[in-house]
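Okay, structure first, notes after.
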Amino acid sequence: MSADPTTVLAFETDCHIFDGCGFPAPGLHSFLFEPMFTAGGVDFNKPMLLALLSTVLVVGFFWAAFNKPKLVPGKLQMVAEAGYDFVRRGVVYETLGKREGEKYVPIMVSLFFFIWIMNIWAIVPVAQFPVPSIIGFPVALALIVYVIWVSVTFKRHGFVGGWKNIAGYDKSLGPVLPVVMLIELFSNLLIRPFTHAVRLFANMFAGHVLLLIFTIASWYLLNGIGIAYAGISFVMVILLTAFELFIQALQAYVFILLACNYIQGALAEHH
Amino acid sequence: MIALLELAQEGETQNPLLPAIPEIVIGLIAFFIVFGFLAKKLLPNINKVLEERREAIEGGIEKADAAQSEAQSVLEQYKAQLAEARHEAARLRQEALEQGTVLKEELRAEGQRQRDEIIAAGHAQIEADRKQAAQSLRQDVGKLATDLAGKLVGESLEDHARQSRTIDRFLSELEEKAEAAR
């Protein structure tokens, strides 16, 4: 992928309002990056670097907190325990119960903190890019969850029972049963993973575009009377940054909550 | 959704909904590194400590429970002892009361007995005195009568009377008569 000429940062141009220069609106080109280097025909770009940095951060944080945990926790361990406990008790035990949920705690904790950190890059200076706004990353994570819940379904209910569970087989539905089964099958097997990935992707994508619009506008409007508008635009940047901080955590939470719900459905005796 | 996918395929390479394989692979690798560390090492670590902490806390609670139950049992023991002591005291008091009553009864009986004895002794004494008085009276009466009779007759009847015992016999008869009349 070659970089679009419009990917040049707004600040690098001297384009301002009243200068006969059009607003350099953000768009899809804002999500393309010059490869940092190419290894084996694969371009390595900024989102990939940020994803790997997220790994380093999450592992580093939990390593520092939990490598040599103490009975009486220090500050770092206390914070990490609170986060761990939030996912374990607040999400996994709530949806799957303590007995069934215990073995899904590690994957959910990993998913939550990995996604959260990848999201947070959106408002970290210099990085300023939410990794999940590149669809490949949410797809990878949704794929993991998909594989888990589908395999759990067949492991729990057997081959026929598994299909019945996914298709929502229920004799009491009578004549509409075939229709319901078709819709359920379609919904669960195809739409579910798609929406699961896209929900995270779209939120991060939209959040990034919003931030870009107001950031670019703040610069673009910086001319003559436009300075007043630039001030408003900049206030919006601050507000949206705070808002995004909230959305980032929320979307990470929603992602694992849905993952738990899917597994819960897979474990359930009756759909 | 399918329409969207088709649209995505028809569109130029820049469709944001089309995942690229390298990103999926990098994403998977990045995630599984996180998962590996957390699932294999770090979370088991903290779980062990959390379990230990829970046990420590529960151990403390158990200790407190044990102490409390011990205190409770000691208290009950004391209460039981106190109740026993009270009971014992009441029993002793009762016993003392009973003993006192018995003693009083005995003393009273003894007093009665002594009184009776004294009275009996008095009666015996009086009887003896009376007998003695009657005896001496009989002698005196006999002597007076003989003296009187001797004066009247003019000669002493003393020796004769003593020898004959007539007077004694007479007086005995008198006594018998008196006895019979009583």
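The values are calculated or read from the model by the stated rules, or taken from the named source; none is laboratory data. Just so it is clear, the structure is predicted and the values come from calculations on it, not from any experiment. Cβ: placed from backbone, ideal geometry, glycine included. Neighbour counts: every protein chain shown.
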Give the stretch A:75-104 a look and list any residue that's among the aromatic types (F, W, Y) and touching a residue at least 12 places away in the same chain (Cβ under 8 Å), or say none.
-> A:Y84, A:Y104
What is the residue count in the stretch A:40-63 for residues that are over 22 Å from A:A252 (Cα atoms) and not in a strand (DSSP E or B)?
-> 3
Mind listing just one residue for me: the one in the stretch A:118-174 that is in contact with a Ser or Thr (Cβ under 7 Å, 6 or more places away or on another chain) and farther than 30 Å from A:V237 by Cα and, of those, nearest to the other protein chains (Cβ to nearest Cβ)?
-> A:I166
Inspect the stretch B:42-55 for any residue being among the β-branched types (V, I, T) and at pLDDT 85 or above and give the result as yes or no.
-> yes
Residues of the stretch A:47-56 being in contact with an Asp or Glu (Cβ under 9 Å, 6 or more places away or on another chain) and either surrounded by fewer than 18 Cβ atoms within 10 Å (Cβ to Cβ) or hydrophobic (A, V, I, L, M, F, W, C) (or both), in sequence order, are A:M48, A:A51
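Going by the structure shown, is A:F37 modelled with pLDDT under 95 and in contact with a Lys or Arg (Cβ under 6 Å, 6 or more places away or on another chain)? Break it down into steps so the answer makes sense when it comes.
Working: modelled with pLDDT under 95: yes; in contact with a Lys or Arg (Cβ under 6 Å, 6 or more places away or on another chain): no.
Here the answer is no, as A:F37 does not meet what is asked.
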Can you spot a residue in the stretch B:68-79 that is at the interface with chain A (Cβ under 7 Å from one of its Cβ atoms), among the aromatic types (F, W, Y) and either surrounded by fewer than 10 Cβ atoms within 10 Å (Cβ to Cβ) or part of a helix (DSSP H, G or I) (or both)?
-> no
